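Comments concern the structure below.
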Amino acid sequence: MANTTFGISEELNGYLVAHSSTPDPLVADLIAETRRLLPRAAGMQIAPEQAGFLELFTRIVGARYAVEVGTFTGLSSVAIARGMGTGGRLICCDVSEEYTSVAVRYWERAGLDEQIELRLGPALDTLRAMPAEPHIDLAFIDADKEGYAAYWAELVPRMRPGGVLLVDNVLWDGTVVAPVEPIEKVIAELNDLVRADDRVGSVIIPLADGVTLPSRK
């Protein structure tokens, strides 16, 4: 998916980015390196404005323990870890050593490597091995879309009351309105699942390709 906000013009998106806090040199370098090294996969990187949102949102909710499903080259993890501050801890779940090797370098450069733990392997195995009681302040899902419902099922019971579970790419370029392709139907079904889950209250915001913000009741 394109890593810009869906549904607005290129000019307006540029204005939006230009009038938000400017990415610091580390973030700018990470974005540029991802696009240079992985041009075909770079669309998996979150939008620059989304990184700013994640950092600010994490700080606002006061998250101290977070889980990320789908790390790629590390932009979202840098944002979340920075938002938590030095006392926070972030568990990152991913299957790609190639992609996350970039993330590890930037965590070290940002001085975040002591706060972030990378767990390579199927995310479901990692999540199921976590304590079953509610203990997670914030979670971010941005991985294989077919796995979203399973990740949701494992994470929601582990979210503390008031904890927030963000889910990325929930608009899928607007195709969720009338889904046709299998991946479109998967996302639309996930949105229905979240809406029907009485354990959370949720809202979808049209940031990047759509982000769901469910809070655990």
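The values are calculated or read from the model by the stated rules, or taken from the named source; none is laboratory data. Being a predicted model, the structure only gives us computed values, none of them experimental. No Cβ is skipped: glycine too gets one built from the backbone with ideal geometry, and neighbour counts run over all protein chains shown. Accessible surface is based on the protein model in full, side chains and every heavy atom, while ligands, DNA and RNA are left aside. Shrake-Rupley method; radii C 1.70, N 1.55, O 1.52, S 1.80 Å.
Going toward the positive end of the dipole of the stretch 1-150, with +1 on Lys and Arg Cβ and -1 on Asp and Glu Cβ, which of Ile141, Tyr15, Gln45 do you reach last? Most positive-ward Cα: Tyr15. Using the Cβ atoms and a cut-off under 9 Å, what net charge is assigned to the surroundings of Gly162, where Lys and Arg are +1 and Asp and Glu are -1? Result for the neighbourhood of Gly162: +2. Quick check for you: which residues of the stretch 80-99 have the amide N under 16 Å from the point 7 Å beyond the Cα of Ser20 toward its beta carbon? Label zone hits: 80-83. The charge dipole of the stretch 113-193, taken about its Cα centre with unit charges on the Cβ atoms of Lys, Arg (+1), Asp and Glu (-1) only, comes to about 280 debye. Only protein atoms count toward the accessible area here, which uses a 1.4 Å probe; on the stretch 1-123, the carbon and sulfur part of that area reaches 56 percent.
Label sites at Asp192 and Ile60, each approximated as a point 7 angstrom past Cα along Cα to Cβ, lie 3.1 nm apart.
Under the convention that each Lys and Arg Cβ holds +1 and each Asp and Glu Cβ holds -1, the size of the dipole of the stretch 61-186 around its Cα centre is about 460 debye.
A Cβ-based charge dipole, computed about the Cα centre of the chain with Lys and Arg at +1 and Asp and Glu at -1, lands at about 580 debye. Remark: relative contact order (the stretch 35-88) = 43 percent; criterion is Cα-Cα distance under 8 angstrom and separation of 6 or more residues.
Using the average count of surrounding beta-carbon atoms within 10 Å as a protection proxy, the listed peptides 112-118, 43-49 rank, highest first, as 43-49, 112-118. Across the chain, the relative contact order, built from alpha-carbon pairs under 8 Å that are at least six residues apart, equals 19 percent. Using equal-weight Cα scatterers in the Debye expression, the normalised intensity of the chain in log10 at q = 0.07, 0.09 Å⁻¹ is -0.19, -0.32.
With the convex hull drawn over the C-alpha atoms of the stretch 91-217, the volume per residue is 119 Å³. Beta bridges assigned by DSSP with both partners in the stretch 61-217 are antiparallel in approximately 25 percent of cases. Its convex hull of Cα atoms gives the stretch 13-122 a direction-averaged projected area, equal to a quarter of the hull surface, of 6.7 nm². Given their separation in residues at 0.36 nm each and the Cα-Cα distance between them, Glu117 and Thr86 gain 9.8 nm when the chain is fully extended.
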